[in-house]
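*Asks:* Structure incoming, see below.
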Amino acid sequence: MTQKVLMNVDIYTGKGKVLNGYIRFSKHIIDIGSMDELQLQANDEAIDGNGKKVIPGMIDIHIHGGYDIDTMDANADTLVELSEKLLNEGVTSFFPTTMTQSYDAIERALQSVKAAKETGKTIIEGIHLEGPFISKLRAGAQPLQYIQAPDIQQFMKWYEASGELIKLVTYAPENEHAREFEELLINHGIVPSMGHSDAVRAELLHSKTTHATHMYNGMRGLHHREPGVAGHALLSPQIQVEMIADGLHVHPDMVKLTYEMKGPEKLTVITDAMRAKGLSDGESELGGQKVFVRNGEARLENGALAGSILTMDEAFRNIIAFTGCSIEDAVQMTSVNQAREFGLATKGELTTGKDADFVILDEALQVVDTYHLGKRHVREE
């Protein structure tokens, strides 16, 4: 079987870096080393990387859609199409993310993700269920009329409908039945994430939440007399915080402050992108609500932010610009943390035996090529 060797590249493995190195791969990574150690084999197909940078394929665990596609459309075919579009951004794994809607609409969306995954043509690795078990006081762009307290029986129906793909659930820990709900999630290997929550810290000290959804957005913020949800996330070492790194949802200085407090191992970069990503400015839609996109901002008619139009490669560049972190730390926050937290054992790092999911970047950290399971994605220009 022919195997490929990408040569003359600087490799950021997720564990360190190999300058002027090579990666030998087929569907999986066979070996990695410096060019000084490379001995080409008879069945090697050589690819010259010309000094470019290689990082692990990025993993977006919070994305509603993009390119005129939305998870809530409940369309398996368009989720396959979305997978192709995301490869252009350097994303090689993602969690289609639902939003607060009717129980039936959520179930249809989950079934469509399962169907898309079963085609074998996607980069879907799980599902993020955002709502409807959240707080009406911190709804953001989540429709108020469908918000509910945790319904364990209904959740288990959804879990089965998804083919057990649900890996992350955003809920408000102050809601009735939340402790019981957390236990259920943990027992099924699902990460409980506090989000769209108005909880005070006293209500969170007994919660088993281990993740914070889009930090600072849709949550009770920091106050000098009440730490709130944001303060609890910063003070609790077990909590992984995800952030929309577009400089709009969170001010760059607050991104840096959070990075300084939590460190790269506890900060996960997301896009929270919605249908309008990749489209021209104008009117779009989110959960049946009109969204207006102007100058990089997506807002509801009432002015509330309605997700982002951020791409993951932009987020990668932004997290470096906002925090001054190294490429290694940016890799930690865009690939390594996600794979670790959600048990994606073959993803997130470029080491022997892992999937050959990687991204080639130029000097300006722009995506040149994306490989998924060893196959080069043909980029759309």
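The values are calculated or read from the model by the stated rules, or taken from the named source; none is laboratory data. Just so it is clear, the model here is predicted, and its values are computed rather than measured. No Cβ is skipped: glycine too gets one built from the backbone with ideal geometry, and neighbour counts run over all protein chains shown. Each accessible area value is taken on the protein alone, full model and side chains, heavy atoms only, with ligands, DNA and RNA left out. Shrake-Rupley method; radii C 1.70, N 1.55, O 1.52, S 1.80 Å.
*Asks:* Can you find a residue that is β-branched (Val, Ile, Thr), more than 22 Å from residue 306 (Cβ to Cβ) and in contact with a Phe, Trp or Tyr (Cβ under 6 Å, 6 or more places away or on another chain) anywhere in segment 169-187? Step through it out loud before you land on a result.
*Replies:* Of segment 169-187, the ones β-branched (Val, Ile, Thr) are 169-170, 186.
Add one more test, that the residue is more than 22 Å from residue 306 (Cβ to Cβ), and what stays is 186.
Cutting the leftovers down to in contact with a Phe, Trp or Tyr (Cβ under 6 Å, 6 or more places away or on another chain) gives us none.
Checked against the condition, which is being β-branched (Val, Ile, Thr), more than 22 Å from residue 306 (Cβ to Cβ) and in contact with a Phe, Trp or Tyr (Cβ under 6 Å, 6 or more places away or on another chain), segment 169-187 yields no hits at all.
*Asks:* Looking at segment 288-320 only, could you name the residues that are more than 19 Å from the chain's Cα centre (by Cα) and either in a helix (DSSP H, G or I) or on the phi < 0 side of the Ramachandran plot (or both)? Before the answer, list the steps.
*Replies:* To start, the set of residues in segment 288-320 that are more than 19 Å from the chain's Cα centre (by Cα) comprises 288-297, 299-304.
Within segment 288-320, 289, 290, 291, 292, 293, 294, 297, 299, 300, 301, 302, 304 meet the criteria.
*Asks:* Let me ask another. Can you find a residue that is modelled with pLDDT of 95 or more, under 27 Å from residue 266 (Cα atoms) and open to solvent by 40 Å² or more (accessible area, probe 1.4 Å) anywhere in segment 333-340?
*Replies:* Yes, segment 333-340 has at least one match.
*Asks:* Residue 274 - would you say it is in contact with a helix residue (DSSP H, G or I) (Cβ under 9 Å, 6 or more places away or on another chain) and aliphatic (A, V, I, L, M)?
*Replies:* For residue 274, the condition - in contact with a helix residue (DSSP H, G or I) (Cβ under 9 Å, 6 or more places away or on another chain) and aliphatic (A, V, I, L, M) - is not met.
*Asks:* State yes or no: is residue 249 buried (at least 21 other Cβ atoms within 10 Å of the Cβ), in a helix (DSSP H, G or I) and not β-branched (Val, Ile, Thr)?
*Replies:* The answer is no for residue 249.
*Asks:* Then there is this: Which one is surrounded by the fewest Cβ atoms within 10 Å (Cβ to Cβ) among residues in segment 147-204 that are polar (S, T, N, Q) and over 23 Å from residue 112 (Cβ atoms)?
*Replies:* This residue is 187.
*Asks:* Given the residues 245, 330, 321, which is the only one that is touching a helix residue (DSSP H, G or I) at 6+ places or on another chain (Cβ under 7 Å), over 30 Å from residue 200 (Cα atoms) and of a type in the set (A, V, I, L, M, F, W, C)?
*Replies:* Testing whether each residue is touching a helix residue (DSSP H, G or I) at 6+ places or on another chain (Cβ under 7 Å), over 30 Å from residue 200 (Cα atoms) and of a type in the set (A, V, I, L, M, F, W, C) leaves just 330.
*Asks:* Given the condition of a type in the set (Ser, Thr, Tyr), at pLDDT 95 or above and surrounded by 24 or more Cβ atoms within 10 Å (Cβ to Cβ), answer yes or no: does some residue in segment 113-134 qualify?
*Replies:* No: segment 113-134 contains no residue that is of a type in the set (Ser, Thr, Tyr), at pLDDT 95 or above and surrounded by 24 or more Cβ atoms within 10 Å (Cβ to Cβ).
*Asks:* Considering each residue of segment 267-283, count those that are surrounded by fewer than 22 Cβ atoms within 10 Å (Cβ to Cβ) and either touching a residue at least 40 places away in the same chain (Cβ under 8 Å) or in a strand (DSSP E or B) (or both), and give that number.
*Replies:* 4
*Asks:* Moving on to the next point. Looking only at segment 367-379, count every residue that is surrounded by 13 or more Cβ atoms within 10 Å (Cβ to Cβ) and part of a loop (DSSP other than H, G, I, E, B) and tell me the total.
*Replies:* Number satisfying all stated conditions: 3.
*Asks:* Also: Given the residues 229, 169, 255, which is the only one that is under 19 Å from the mean Cα position of the chain (by Cα), part of a helix (DSSP H, G or I) and among the hydrophobic types (A, V, I, L, M, F, W, C)?
*Replies:* Working: 229 fails: under 19 Å from the mean Cα position of the chain (by Cα); 169 fails: part of a helix (DSSP H, G or I).
After applying the criteria, what remains is 255.
*Asks:* Looking at (1) within 27 Å of the chain's Cα centre (by Cα); (2) open to solvent by less than 30 Å² (accessible area, probe 1.4 Å), which one does residue 17 not meet, given that it meets all the others?
*Replies:* (2)
*Asks:* While we're looking at this one, here's another question. If you go through segment 212-246, how many residues are surrounded by fewer than 21 Cβ atoms within 10 Å (Cβ to Cβ) and more than 23 Å from residue 172 (Cα to Cα)?
*Replies:* The total comes to 0.
*Asks:* Could you give every pair whose Cβ atoms fall below 6 Å, whose first residue belongs to segment 194-213 and is of a type in the set (Asp, Glu), and whose second residue is assigned to a loop (DSSP other than H, G, I, E, B), counting only separations of at least 6 or pairs across chains?
*Replies:* Qualifying pairs under 6 Å: 198/135; 198/220; 203/174.
*Asks:* Moving on. Between a first residue in segment 38-50 that is within 14 Å of residue 6 (Cβ to Cβ) and a second residue that is outside any loop (DSSP other than H, G, I, E, B) and open to solvent by 80 Å² or more (accessible area, probe 1.4 Å), which pairs have beta carbons less than 9 Å apart while being 6 or more apart in sequence or on different chains?
*Replies:* Taking only residues 6 or more apart or on different chains, the pairs are 47/376.
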